[in-house]
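Heads up, the thing below is written out as structure tokens.
The values are calculated or read from the model by the stated rules, or taken from the named source; none is laboratory data. All figures in this text were calculated on a predicted structure; none of them were measured in a lab. For neighbour counting, all protein chains shown are included, and Cβ atoms are generated from backbone atoms with ideal geometry for every residue, glycine included. These area figures cover heavy atoms from the full protein model, side chains too; ligands, DNA and RNA do not enter into them. Shrake-Rupley method; radii C 1.70, N 1.55, O 1.52, S 1.80 Å.
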Amino acid sequence: MSTPHPFSLGVALDGAGWHPSAWREPSSHPADLFTAAYWVDLVATAERATLDFATIEDSLALQSERFLVGDERTDEVRGRLDAVLIASRVAPSTSRIGLIPVATVTHTEPFHVSKAIATLDYVSEGRAGVQVKVSARADEAAHVGRRAHPGDVLVDDPAFRAFVDDAFEEAADAVEVIRRLWDSWEDDAEIRDAATDRFLDADKVHAIDFEGRFFSVRGPSITPRPPQGQPVVAALAHAAVPYRLAARAADVVFVTPADAVHARAILDEVREAERVVAREGEPLRVIADLVVLIDTPGGETGPDRLARLDALGRPLASDARIVAGSASTVADVVDDLAAAGFAGVRLRPGVATDDLPRIADDLAPELRRRGLIEPTTRTTLRGRLGLPEGFPSRYATPVA
């Protein structure tokens, strides 16, 4: 059954923050970026803010200021830890917040993604998700070496467009394989009965026998069905093709409205994508991304901090709307998005170690005061997002 949820609030974590100069801030302690303690502290702060979920960025190549190719900058954070492994490390130290690592599915076998996220769902006791990512970069293809890339061509080059279209088609198939593998063990497949010498009921472990254009996967998974049955699948989308991927394969889509008019247009585009792919079941949860730099009470304002950081190196530019100001200012924008029909907001802290505490101490209380978010007793990520829970494996025999 679907459970109503008034509004979801999450945070997107990426290195020192989403501003290119975030690592220079005194609070950022960049020497700790690649330590477990740094990530445990960040997610603990997000949980203290009563956020519904935290996403963790990842990719198969170094960060770059350029969209499709690497750069040679040495004045910004480059390098990161594996997002799924961070989430698994953080999970036992938290108890409520959902954990959604990014996983690139273009060059990664869906079998490996499936068992990794299933394991995260066990480690977190039902709080796992995955944000699937498509790779169109030549350097990422070269890292793996199993796929021809059209090379350094314009984005409107027919060869590049065909590569990207194939990558999105493949991603939809990858998610289908991942979901089927999660279902390949029925919930009661494990008997664990020493008296009858049976740990497993083999009749309740199923080969998925998926045959598609990109994959041929027999299954079953090596990991029993995750606690949620189907951990949450999310995708970031900016245009028609990725909207259709989300509509075909995801539970949640993160989008990037620039203003109120754009926000309404995106909602219309997502619903049209659902119609085009004939989506069945629950509608996509559409969650808007915002980059935020929040005033420090009695200290520097968000706009002043943004201007100072911009002057240190490359100014902040983002696919998502940038909101710098008081917690009340950010809350006004969140309020408008909720009124427009969005299911939630994902906040990208400009400086993780400055803005995430402001989200916890100033913004979240303001949103609670306005009735936009509220405490919940739901323990699974699906429950926190208002998605259906407790449905059986697709391979289970219906009980008469």
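Here's the yes/no breakdown for (1) touching a Lys or Arg at 6+ places or on another chain (Cβ under 9 Å); (2) open to solvent by less than 50 Å² (accessible area, probe 1.4 Å):
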| residue | (1), (2) |
| --- | --- |
| Val130 | no, yes |
| Ile178 | no, yes |
| Ser184 | yes, yes |
| Ala194 | no, no |
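Give Ala340, Ala364, Ala352 a once-over and let me know the one that is open to solvent by less than 30 Å² (accessible area, probe 1.4 Å), at pLDDT 95 or above and either more than 19 Å from Leu309 (Cβ to Cβ) or aromatic (Phe, Trp, Tyr) (or both).
On the way: Ala340 fails: open to solvent by less than 30 Å² (accessible area, probe 1.4 Å); Ala352 fails: either more than 19 Å from Leu309 (Cβ to Cβ) or aromatic (Phe, Trp, Tyr) (or both).
Of the residues listed, the single one that is open to solvent by less than 30 Å² (accessible area, probe 1.4 Å), at pLDDT 95 or above and either more than 19 Å from Leu309 (Cβ to Cβ) or aromatic (Phe, Trp, Tyr) (or both) is Ala364.
Considering only residues that are closer than 19 Å to Phe215 by Cα and either within 17 Å of the chain's Cα centre (by Cα) or without any contact (Cβ under 8 Å) to a residue 40 or more places away in the chain (or both), which ones fall in the stretch 118-160?
Passing the criteria: Val132, Lys133, Val134, Ser135, Ala141, Gly145, Arg146, Ala148, His149.
When you go through Asp209, Asp187 one by one, which is the residue that is touching a Gly at 6+ places or on another chain (Cβ under 8 Å) and at positive phi? Quick ask: steps written out before the conclusion?
Working: Asp187 fails: at positive phi.
Just one listed residue meets the conditions, Asp209.
Return a yes/no flag: does the stretch 321-343 have any residue that is more than 14 Å from Leu13 (Cα to Cα), of a type in the set (D, E, K, R) and part of a strand (DSSP E or B). Write out each step before concluding.
Of the stretch 321-343, the ones more than 14 Å from Leu13 (Cα to Cα) are 321-343.
Subsequent filtering for residues that are of a type in the set (D, E, K, R) retains 321, 332, 335-336.
Still in the list and also part of a strand (DSSP E or B): 321.
Yes; the residues of the stretch 321-343 include at least one that is more than 14 Å from Leu13 (Cα to Cα), of a type in the set (D, E, K, R) and part of a strand (DSSP E or B).
What are the residues in the stretch 312-327 that are open to solvent by less than 50 Å² (accessible area, probe 1.4 Å) and either closer than 15 Å to Leu363 by Cβ or without any contact (Cβ under 8 Å) to a residue 24 or more places away in the chain (or both), if any? Reasoning before the result, please.
Within the stretch 312-327, the subset open to solvent by less than 50 Å² (accessible area, probe 1.4 Å) is 313, 316, 318, 320, 323-327.
Val323, Ala324, Gly325, Ser326, Ala327, listed by residue number.
Is at least one residue of the stretch 108-117 touching a Pro at 6+ places or on another chain (Cβ under 6 Å) and more than 18 Å from Ala44 (Cβ to Cβ)?
Here is the first cut: in the stretch 108-117, the residues touching a Pro at 6+ places or on another chain (Cβ under 6 Å) are 117.
Pick out the ones that are also more than 18 Å from Ala44 (Cβ to Cβ) and you get 117.
Checking the stretch 108-117: at least one residue is touching a Pro at 6+ places or on another chain (Cβ under 6 Å) and more than 18 Å from Ala44 (Cβ to Cβ).
Mind checking which pairs have a first residue in the stretch 242-269 that is more than 24 Å from Arg384 (Cα to Cα) and a second that is open to solvent by less than 60 Å² (accessible area, probe 1.4 Å) and assigned to a helix (DSSP H, G or I), Cβ under 7 Å, 6 or more apart or different chains?
Pro242/Phe168; Arg244/Ala273; Ala260/Ala340; Arg264/Ala340; Glu269/Ala240; Glu269/Tyr243
Return yes or no: is Ala400 hydrophobic (A, V, I, L, M, F, W, C) and modelled with pLDDT under 95? It would help to see each step written out before you state the result.
Details: hydrophobic (A, V, I, L, M, F, W, C): yes; modelled with pLDDT under 95: yes.
Yes.
When you look at Arg89, is it more than 28 Å from Pro224 (Cα to Cα), open to solvent by 10 Å² or more (accessible area, probe 1.4 Å) and among the basic types (Lys, Arg), yes or no? Steps first, please.
Details: more than 28 Å from Pro224 (Cα to Cα): no; open to solvent by 10 Å² or more (accessible area, probe 1.4 Å): yes; among the basic types (Lys, Arg): yes.
In short, no.
Arg370 is checked against (1) open to solvent by 10 Å² or more (accessible area, probe 1.4 Å); (2) on the phi < 0 side of the Ramachandran plot; (3) touching a residue at least 60 places away in the same chain (Cβ under 8 Å) and fails just one. What number does that condition carry?
(3)
Going by the structure shown, is Glu282 in contact (Cβ under 8 Å) with a residue 60 or more places away in the chain and either open to solvent by 60 Å² or more (accessible area, probe 1.4 Å) or part of a loop (DSSP other than H, G, I, E, B) (or both)? Don't jump to the end; show me each part of the working.
Details: in contact (Cβ under 8 Å) with a residue 60 or more places away in the chain: yes; either open to solvent by 60 Å² or more (accessible area, probe 1.4 Å) or part of a loop (DSSP other than H, G, I, E, B) (or both): yes.
For Glu282, the condition - in contact (Cβ under 8 Å) with a residue 60 or more places away in the chain and either open to solvent by 60 Å² or more (accessible area, probe 1.4 Å) or part of a loop (DSSP other than H, G, I, E, B) (or both) - is met.
Residues Ala83, Ala103: which one is farther than 17 Å from Leu33 by Cα and open to solvent by less than 40 Å² (accessible area, probe 1.4 Å)? First the steps, then the outcome.
Working: Ala83 fails: farther than 17 Å from Leu33 by Cα.
Going through Ala83, Ala103 in turn, the sole match is Ala103.
With respect to Arg78, is the statement that it is at pLDDT 95 or above and open to solvent by 20 Å² or more (accessible area, probe 1.4 Å) true? I'd like the intermediate steps shown before the answer.
Numbers: at pLDDT 95 or above: yes; open to solvent by 20 Å² or more (accessible area, probe 1.4 Å): yes.
So Arg78 passes the test.
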